[in-house]
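*Asks:* Supplied in structure tokens, the structure appears directly below.
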Amino acid sequence: MVQQTLTTAEELLHYQLRSALTMENDSLAALGELASAAKSPEIKQLFRHHADETKEQIANLQQVFKLLDYKETTAPSPSTKGISKQAASLLERSAPKLRDQVALASALGNEHYEISAYEGLILPATALGLVDAVSLLQANLDQEVHTSEELKTTLQSLVA
């Protein structure tokens, strides 16, 4: 398979958007698995709520594709695949009493990756003057930061 060489800032941005779409789809699948693995009803609900937010984030990304007149396709997101594999491995090895802690910690790691991905999209989109796209990407980033804080607070209360 021949890989495309990215030669312009716009090509790189399009590729990163495609990868972000894969990232969010991977996250949506992982959230379902984490909700199933969690024992606490409150933590299950937290994952279901974040799944709803992830669907909104996917819709925002789809809108960015339309705004920029980019074909909506996906690109590899090996990091999210790796995070999901790590979570599955930890859950498999953990006693039931640790499942909530493992699920929260795994989700927190994924949130940090998503935060960095959106920051990496917003900076070049801003430089390119893509104001409407930046607004949608910033909305996704804001949700990711909020979710990260929510996960961290929940995890802190669990392990305290």
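*Asks:* Volume per residue, Å³, of the convex hull around the alpha-carbon atoms of the chain? Mind showing how you got there, number by number?
*Replies:* Values: hull volume 16.7 nm³, N = 160.
Given the Cα convex hull of the chain, per-residue volume reads 104 Å³.
*Asks:* Provide 115, 122, 43 in ascending order of the number of other Cβ atoms located within 10 Å of each residue's Cβ, fewest first. Can you show the working numbers first?
*Replies:* Details: 115 16, 122 19, 43 23.
Placing the least packed residue first, the sequence is 115, 122, 43.
*Asks:* State the answer as a single residue: which of 117, 46, 133 lies farthest towards the positive end of the charge dipole of the stretch 9-159, with beta carbon charges of +1 for Lys and Arg and -1 for Asp and Glu, about the Cα centre.
*Replies:* 46
*Asks:* Here's another thing I want to ask about it. For a footprinting-style exposure proxy, rank 54, 73, 5 by other Cβ within 10 Å, fewest first.
*Replies:* With the sparsest Cβ surroundings first, the list reads 5, 73, 54.
*Asks:* What is the total of Lys pairs in the chain with C-alpha atoms under 23 Å apart, excluding same-chain pairs fewer than 8 positions apart?
*Replies:* Eligible lysine pairs with Cα atoms under 23 Å apart amount to 17.
*Asks:* Enumerate the calculated ³J(HN,Hα) couplings along the stretch 151-160 in order (Karplus 6.51 cos²θ - 1.76 cosθ + 1.60, θ = phi - 60°), each rounded to whole Hz, writing x wherever the residue is Gly or Pro.
*Replies:* For the stretch 151-160, the Karplus curve yields 5, 4, 4, 5, 5, 4, 5, 6, 8, 6 Hz.
Taken together, the values in this text are just the output of simple stated rules run on the coordinates, not laboratory data. Here the structure is a predicted model, which is why all the values come from computation and not from measurement. Positions of Cβ are generated from backbone atoms using ideal geometry, with glycine treated the same way; all protein chains shown enter the neighbour counts.
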